[in-house]
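Below is one structure, written out as structure tokens; comments come after it.
The values are calculated or read from the model by the stated rules, or taken from the named source; none is laboratory data. The structure presented is a predicted model; accordingly, all values stated were derived computationally and were not measured. Virtual Cβ from ideal backbone geometry, glycine too; neighbours counted across all protein chains shown. These accessible areas exclude ligands, DNA and RNA; they are computed on the full protein's heavy atoms, side chains included. Shrake-Rupley method; radii C 1.70, N 1.55, O 1.52, S 1.80 Å.
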Amino acid sequence: MSKKGRVTTFDLREKKRKGEKSTMLTAYDYSQAKVVDEAGVDMILVGDSLGMVMLGYESTLAVTLEEMIHHGKAVVKGSKSAMVVMDLPFLTYQVNRDDALRNAGRVIQETGAQAVKLEGGIEVIEAVKGIVEAGVPVMGHLGLTPQSVGQLGGYKVQGKDKGAARKMIEDAKALEEAGAFAIVLECVPWELAAFITEQLSIPIIGIGAGKQCDGQVLVFHDVMGLFDEFRPKFVKQYLNLREEMVKGIKDYVGEVKTGVFPAEEHIFNLGMNLESLLEE
Ligand code: KIV
């Protein structure tokens, strides 16, 4: 990590060269970003997973550029040291190169984030080149790409047969050649992830891709135990904040009902007899 300012793409590459692991976690608002940043995570991902964990959508497909920008601004404000990477949502980079550059540019200009992430390999390579040539760092995303969940037939492990493994290796190399600074590999057998990590000189950040990757990424709500609708096999839950929060709120409700809250220390004293006001 740099002594001053935010983590840079150069810092991440250096970490890979030295064999040091990089860390990434999602965050979607000011308070989450402050916590994640203070804990020393290298990169904060404003993932389009916000559609599911923050907005209650069924998938990431409905997330709009405006929603991403709204959350991204708050995350940038809440963080000081981490690199902030913004997901480009569905259909903001697949149509054509100009469109991709315009949308990536908006995200960077309006949020102040340092990089964008997009899903796919050779099929989005022109978009990657266009954005990189404009000077914006791009992170790739291969394997289980949630924006293509319909085509992939669900949230399944990817790259399991020879053809799919070969395509993923080719896609990863194409992204590196196009100038991507890192790639997320999601839900990929660990041997394939390890091979890609070894073949490429840019950092490979895994999620459900084993420990040989150059770093790991997880979703904030999964790590904190805040999302209880489903938990993928690759998630490790470090806290059970949902349980803690429900307990805390039940205590609050109980104390309001019984008059325990607010107590003496929570109130303001006027120190005046109000009856006397009426008599004046
Ligand atoms: O949107 C997201 O949170 C992601 C991670 C799962 C890598 O893309």
FRET efficiency for residue 99 and residue 250, Cβ-Cβ distance as r, R0 = 45 Å, nearest 0.05? 0.40
Taking only Cα atoms and a 10 Å spring cutoff, compute GNM fluctuations for the chain and point out the largest among 239, 270, 152. 270
Per residue, how many Å² of accessible area does the stretch 84-140 show with a 1.4 Å probe? 39
Less than 13 Å Cβ to Cβ from residue 110, Lys/Arg counted +1 and Asp/Glu -1: what total charge do the surrounding residues give? +2
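Within the accessible area of the stretch 1-128, what % is carbon and sulfur when the probe is 1.4 Å and the other protein chains stay in place? If you can, show how the numbers build up before the last one.
Working: 3170 of 5930 Å².
Heavy-atom surface of the stretch 1-128 belonging to carbon and sulfur, 1.4 Å probe: 53 percent.
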Check the straight Cα-Cα distances from residue 160 and name the aspartates and glutamates below 14 Å, setting aside those fewer than 8 residues away within the same chain. 186, 191
Working with all protein chains in place, sort 258, 9, 26 by solvent-accessible area computed with a 1.4 Å probe, largest first. 258, 9, 26
Between residue 31 and residue 18, what is the spin-label point distance in nm, taking each point 7 Å from the Cα along the Cα→C-beta axis? 3.5
Take every Cα-Cα pair in the stretch 9-239 and report what % of them are more than 29 Å apart. 18
Which of the residue pairs 34/77; 16/129; 21/173; 34/73; 117/236 have a Cα-Cα distance greater than 19 Å in the structure shown? 16/129; 21/173; 117/236
How much length would be gained if the chain were fully extended between residue 167 and residue 274, taking 0.36 nm per residue of separation minus their Cα-Cα distance, in nm to one decimal? 30.6 nm
Cα centroid separation, the stretch 1-32 to the stretch 209-263 (Å): 24
Any idea what the alpha-carbon Rg over 2.2 N^0.38 Å comes to for the stretch 128-242? 1.11
Qualifying lysines (Cα of each under 16 Å from Cα of residue 167; at least 8 residues distant if same chain): none
Just subtract the alpha-carbon distance of residue 134 and residue 11 from 0.36 nm times their residue separation and send over the number in nm, one decimal. 42.2 nm
What spacing in nm lies between the two simple spin-label points modelled at residue 160 and residue 64, each 7 Å away from Cα in the Cβ direction? 3.8
